[in-house]
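Trainee: First the structure, which I've put down as structure tokens, then a few questions once you've had a look.
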Amino acid sequence: MTEKIIIAGFGGQGVMSLGQMIAYSGMTEGREVSWLPSYGPEMRGGTANCQVIVSDEPIAAPIISEADTVIAMNLPSLDKFEPRVKKGGNLFINSSLIERKANRDDINVHYIKANETAVELGNSKVAGMVVMGAYIKTTNVVKAETIIESLKKVLGEKKLDLIPINEKAVEEGSRQV
């Protein structure tokens with residue numbers, strides 16, 4: 001099993017953290033992983049992305065030309081990365097911020113109300129975790145429990161009080177697919 005994922009959105013949407021959680025979770029579950037962030041001016045509100053590979057085999061290169069999954073948190077990310085989803089792959093669209101539909105009919109498209117759900121839960125910052133819930137339920141690349149454990153590493157000890165709302169966000173996201 002090899003899963004190649006591109007996660008993209010505005011700087012500040014937690015794109016890098018989502019990628020780190022998938023990578024940490026893959027390692028925890030005994031798989032080979034790579035995580036390649038794209039920083040730069042994107043951190044100031046432009047489009048940021050990371051590429052993650054989780055595999056049962058050694059990973060030859062961290063660059064993804066054709067993704068099994070793309071998670072698009074904003075319209076520029078959808079425009080840029082939709083063409084890179086392989087035929088039969090998955091595209092997750094944050095339909096709270098993206099009004100347009102996917103242009104392709106040869107992939108599995110999932111419209112997730114990430115921001116709306118996060119606001120309903122009481123914390124707009126968990127929108128990424130809503131999409132994460134939908135993603136891991138659809139692909140089974142890692143377990144939800146492992147994602148929550150990896151979140152503790154990403155958040156750090158000072159923010160452990162945010163674990164319950166993030167767990168709820170993952171649960172709610174899994175209900176949207």
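Trainee: Please work out if Lys113 is over 24 Å from Gln51 (Cβ atoms) and either out of contact with any Leu (no Cβ under 6 Å at 6 or more places or on another chain) or among the aromatic types (Phe, Trp, Tyr) (or both).
Mentor: Yes.
Trainee: Only one of Val170, Val70, Val142 is out of contact with any Asp or Glu (no Cβ under 9 Å at 6 or more places or on another chain) and not charged (D, E, K, R); which?
Mentor: Val170
Trainee: Can I ask one more? If you go through the range 121-144 one residue at a time, how many are on the phi < 0 side of the Ramachandran plot and free of Cβ contacts under 8 Å to residues at least 12 places away in the same chain?
Mentor: So the answer is 1.
Trainee: Then there is this: Which residue out of Val33, Val70, Val54 is farther than 26 Å from Ala102 by Cα, assigned to a strand (DSSP E or B) and touching a helix residue (DSSP H, G or I) at 6+ places or on another chain (Cβ under 7 Å)?
Mentor: The match here is Val33.
Trainee: Can you tell me which residue is farthest from Lys80 (Cα to Cα) among those in the range 111-133 that are touching a helix residue (DSSP H, G or I) at 6+ places or on another chain (Cβ under 6 Å) and not aliphatic (A, V, I, L, M)?
Mentor: Per the stated criteria, the residue is Asn123.
Trainee: Still on this structure: Could you check, for the range 58-77, whether at least one of its residues is free of Cβ contacts under 8 Å to residues at least 60 places away in the same chain and hydroxyl-bearing (Ser, Thr, Tyr)?
Mentor: Yes, there is a match, as at least one residue in the range 58-77 is free of Cβ contacts under 8 Å to residues at least 60 places away in the same chain and hydroxyl-bearing (Ser, Thr, Tyr).
Trainee: Do you know which of the residues in the range 149-177 that are among the acidic types (Asp, Glu) and touching a residue at least 40 places away in the same chain (Cβ under 8 Å) is surrounded by the fewest Cβ atoms within 10 Å (Cβ to Cβ)?
Mentor: My answer is Glu149.
Trainee: Hey, can you tell me all the residues within the range 1-46 that are over 22 Å from Asn90 (Cα atoms), surrounded by fewer than 17 Cβ atoms within 10 Å (Cβ to Cβ), modelled with pLDDT under 95 and of a type outside the set (A, V, I, L, M, F, W, C)?
Mentor: Matches in the range 1-46: Gly12, Tyr39, Gly40, Pro41, Arg44, Gly45, Gly46.
Trainee: How about the range 65-97: which of its residues are β-branched (Val, Ile, Thr) and more than 20 Å from Ser17 (Cβ to Cβ)?
Mentor: Val85
Trainee: Within the range 37-48, identify whether any single residue is in a strand (DSSP E or B), of a type outside the set (Gly, Ala, Ser) and touching a residue at least 12 places away in the same chain (Cβ under 8 Å), and answer yes or no. Working first, answer last.
Mentor: From the range 37-48, those in a strand (DSSP E or B) are 37-38, 47-48; that's our starting set.
When the remaining residues are screened for being of a type outside the set (Gly, Ala, Ser), the result is 37, 47.
Now narrow it down to the ones that are touching a residue at least 12 places away in the same chain (Cβ under 8 Å): 37, 47.
Looking through the range 37-48, at least one residue is in a strand (DSSP E or B), of a type outside the set (Gly, Ala, Ser) and touching a residue at least 12 places away in the same chain (Cβ under 8 Å).
The values are calculated or read from the model by the stated rules, or taken from the named source; none is laboratory data. Just so it is clear, the structure is predicted and the values come from calculations on it, not from any experiment. No Cβ is skipped: glycine too gets one built from the backbone with ideal geometry, and neighbour counts run over all protein chains shown.
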